[in-house]
Ligand SMILES: Cc1cc2nc3c(=O)[nH]c(=O)nc-3n(C[C@H](O)[C@H](O)[C@H](O)COP(=O)(O)O)c2cc1C
């Protein structure tokens with residue numbers, strides 16, 4: 001069973017991947033969504049989105065666009081940087097994105113409109129593959145739909161497969177469903193069983209227990225982890241260990257092994273700041289650090305206090321000073337043992 005790092009706008013950049021890599025890589029790293037029209041407009045920061053560090057061969061480039069034409073032109077620009085292939089974002093339900101005709105809007109358009117876009121994207125992927133003698137995968141990440149309607153979901157997925165999509169990631173929530181409701185993974189299991197291509201499940205995998213419970217109940221080709229990989233960049237190491245070395249891939253290792261794992265929460269935070277400086281432009285330091293620490297601070301006893309302090313700063317050096325002061329004051333927060341690796345604060 002595969003483990004996959006999810007696309008997270010402003011979060012799943014090369015800096016976060018380097019941090020995850022310092023513990024253990026997942027099988028695939030999805031990039032944050034790359035807006036195809038901005039890439040074509042040669043916006044000054046676009047090259048930062050195309051960094052394939054730290055493991056280029058595990059990269060999946062996620063593109064978002066309101067129009068097929070921009071996707072088609074962006075595909076060779078992105079695939080130059082290697083990786084497993086292209087993922088089309090059909091799941092982002094943020095209202096400005098949907099209003100623009102991108103993300104989840106592709107699930108709302110007439111089926112033939114979306115089919116034509118996927119066909120064009122597939123042709124662009126195949127053409128680039130033929131020119132370079134390499135193979136690239138085309139995948140789609142999507143939600144359940146606007147309403148709970150399995151017939152529609154199946155029709156939509158069948159259309160994707162007919163147009164050459166080779167993998168689907170399902171985040172089984174409706175367009176307007178918040179994260180407060182659990183992901184409906186019964187749909188992940190049914191699709192994985194009915195479709196002739198691999199299906200990854202995504203949503204609410206935030207611990208070994210959550211993974212093993214989901215994997216036991218809902219069989220699929222892989223599990224994608226989003227927010228929990230920001231909160232716990234070491235999570236793939238724990239999940240992989242839980243899945244490996246057992247005949248039944250779902251049974252975790254013994255707790256003695258889990259107890260050996262000690263995470264240095266302070267060093268990990270400082271390492272993130274280092275990677276932020278090498279992997280992102282200075283203009284992004286503040287927003288990317290804010291996004292990261294919103295999740296990461298949930299590991300701390302005084303999460304709100306530390307977060308508030310960090311969010312005021314724009315320079316990594318100032319953030320480093322705040323973190324060092326915090327751990328001086330609360331040294332018991334420096335280390336977490338594996339069996340305690342459930343965040344102290346439940347996710348927002
Ligand atoms: C801050 C944030 C940014 C996200 N950005 C993207 C994105 O760029 N592309 C995408 O397909 N999904 C995006 N998502 C959705 C996640 O990939 C994932 O589907 C969702 O968080 C559920 O998985 P999780 O429970 O493991 O976090 C984003 C989610 C969050 C919280």
For this session: Answer with yes or no whether residue 140 is within 12 Å of the ligand (Cβ to nearest atom), buried (at least 17 other Cβ atoms within 10 Å of the Cβ) and assigned by TED's automatic domain parsing to the domain that holds residue 125.
Result: yes
Exercise. Which members of the stretch 194-209 meet the condition of being in contact with a strand residue (DSSP E or B) (Cβ under 9 Å, 6 or more places away or on another chain) and either in a helix (DSSP H, G or I) or within 26 Å of residue 298 (Cβ to Cβ) (or both)?
Worked result: 200, 201, 202, 203, 205, 206
For this session: Please find, within the stretch 118-137, the residue that is nearest to residue 72 (Cα to Cα) out of those that are within 23 Å of the chain's Cα centre (by Cα) and free of Cβ contacts under 8 Å to residues at least 60 places away in the same chain.
Result: 121
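Hey, among 103, 82, 91, which residue is under 21 Å from residue 6 (Cβ atoms), touching a residue at least 12 places away in the same chain (Cβ under 8 Å) and away from the ligand (no atom under 16 Å from the Cβ)?
82
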Seminar exercise, completed: Over the stretch 38-70, the set of residues within 16 Å of the ligand (Cβ to nearest atom) and either assigned to a loop (DSSP other than H, G, I, E, B) or not assigned by TED's automatic domain parsing to the domain that holds residue 24 (or both) is 45, 50, 51, 65, 66
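Which of the following residues is more than 14 Å from the ligand (Cβ to nearest atom) and either surrounded by 16 or more Cβ atoms within 10 Å (Cβ to Cβ) or under 22 Å from residue 234 (Cβ atoms) (or both): 194, 216, 166?
Details: 194 fails: either surrounded by 16 or more Cβ atoms within 10 Å (Cβ to Cβ) or under 22 Å from residue 234 (Cβ atoms) (or both); 216 fails: either surrounded by 16 or more Cβ atoms within 10 Å (Cβ to Cβ) or under 22 Å from residue 234 (Cβ atoms) (or both).
It is 166.
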For this session: Kindly indicate whether any position in the stretch 20-40 is out of contact with any helix residue (DSSP H, G or I) (no Cβ under 9 Å at 6 or more places or on another chain) and either at pLDDT below 95 or buried (at least 21 other Cβ atoms within 10 Å of the Cβ) (or both).
Result: yes
Exercise. Do we have residue 187 as away from the ligand (no atom under 13 Å from the Cβ) and touching a strand residue (DSSP E or B) at 6+ places or on another chain (Cβ under 6 Å) here?
Worked result: yes
For this session: Report, by residue number, each residue of the stretch 112-135 that is more than 18 Å from residue 64 (Cα to Cα) and in contact with a helix residue (DSSP H, G or I) (Cβ under 7 Å, 6 or more places away or on another chain).
Result: 128, 135
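Of all residues in the stretch 101-111 being within 17 Å of residue 154 (Cα to Cα) and out of contact with any helix residue (DSSP H, G or I) (no Cβ under 6 Å at 6 or more places or on another chain), which is surrounded by the fewest Cβ atoms within 10 Å (Cβ to Cβ)? Give the steps one after another, and end with the answer.
At the first step, the residues of the stretch 101-111 found to be within 17 Å of residue 154 (Cα to Cα) are 104, 106-111.
So of that shortlist, the ones also out of contact with any helix residue (DSSP H, G or I) (no Cβ under 6 Å at 6 or more places or on another chain) come out as 107-110.
On the way: 107: 22, 108: 14, 109: 15, 110: 8.
So, considering only residues that are within 17 Å of residue 154 (Cα to Cα) and out of contact with any helix residue (DSSP H, G or I) (no Cβ under 6 Å at 6 or more places or on another chain), the one surrounded by the fewest Cβ atoms within 10 Å (Cβ to Cβ) is 110.
Would you confirm, using the coordinates I've provided, whether residue 114 is crowded, with 22+ Cβ neighbours inside 10 Å and more than 27 Å from residue 210 (Cβ to Cβ)?
Spelling it out, residue 114 is indeed crowded, with 22+ Cβ neighbours inside 10 Å and more than 27 Å from residue 210 (Cβ to Cβ).
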Exercise. When residues of the stretch 1-28 are filtered for being more than 12 Å from the ligand (Cβ to nearest atom) and part of a strand (DSSP E or B), how many remain?
Worked result: 2
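The values are calculated or read from the model by the stated rules, or taken from the named source; none is laboratory data. The model shown is predicted, which means the values in this text are computed figures rather than measured ones. All Cβ positions, even for glycine, are placed from backbone atoms using ideal geometry, and neighbour counts span all protein chains on display.
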